[in-house]
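Here's the structure we're looking at; comments come further down.
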Amino acid sequence: MISVNNRNFYFHRIRQTVYLVFICLAAVSCKVYSFKDVSIPPEVKTIRVGFIENRATYVDPTLSPQLTDKFKQKLSSQTKLIQVQTDNADYDVSAYVSQYDVSTSGVSNQAASINRLAVTVHLVLKNRLNDQKLGTPDFETDISRNFDFPATSSLTDAEATLTPQIVQQMTDDMFNRLFSNW
C-alpha cells in the first residue's frame, strides 16, 4: 500500500513532467526554439549547388554523383531553400573532392592490419546577398574524414561498403558546416 506522502510525491512528479512537455511543445510550435539548429536568414530563398567534382589523384567514379545527389536531397528535406540552376541564387555552393588517399593505419605482427581512406571535400559558399549584409559571409573550408577498412581487402572491395558511409557522413558534415556553424 502506498502512503499518502508517496502518493503526493508521485502526483507532484507527474504534474511536473506534464508541465515540462507542455512548455517544450509550446516553444517549438511558436518557433521560439528549434531543435534542428539550422540557421538560415529569412532573406535567403534560393540556393545553387554545383556538381561535386572529384579532383583527387585517385578517382572513385561513383562518389561524385552520389555525393552531389545526397547533398541536394538533404537540402530539399531539411531546408526551405529553393534549388535553382541560375547564377542569381542567393547562396551559391560549390565543392570538390580534393583528397581520396589510402594509408596504413594499424600494424599487427609487423604486417598491416588496417588501412585508412582519407577523404577531403573542399567546400565554397558564395553569398550573393553580401552587398546587403545579409546572411553568412562567403567562406571556403575543407571537410575531412577517415574511413578504416581491413588491410586484407583491396580498396576496390572496400569501396563497396565504404562509399555509402562516405556519402552520408560527408553530406552531413557539409550541411552542418554551411547551416549549423559546426
**Asked** Within the bounds of the range 137-145, is there any residue that is out of contact with any helix residue (DSSP H, G or I) (no Cβ under 7 Å at 6 or more places or on another chain) and modelled with pLDDT under 90?
**Response** yes
**Fill in**
Over the range 48-106, the set of residues under 17 Å from Phe175 (Cα atoms) and among the small types (Gly, Ala, Ser) is Gly50, Ser64, Ser76, Ser77, Ser94, Ala95
**Request:** With respect to Ala112, determine if the residue is part of a strand (DSSP E or B), modelled with pLDDT under 90 and either over 17 Å from Asp142 (Cα atoms) or assigned by TED's automatic domain parsing to the domain that holds Arg145 (or both).
**Result:** yes
**Asked** Has the range 64-74 got at least one residue that is surrounded by 14 or more Cβ atoms within 10 Å (Cβ to Cβ), touching a strand residue (DSSP E or B) at 6+ places or on another chain (Cβ under 9 Å), modelled with pLDDT of 90 or more and over 19 Å from Asn176 (Cβ atoms)?
**Response** yes
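The values are calculated or read from the model by the stated rules, or taken from the named source; none is laboratory data. In this text, all values refer to a predicted model and were calculated from it rather than measured experimentally. Don't worry about glycine lacking a Cβ; one is built from the backbone with ideal geometry, like all the others, and counts go over all protein chains shown.
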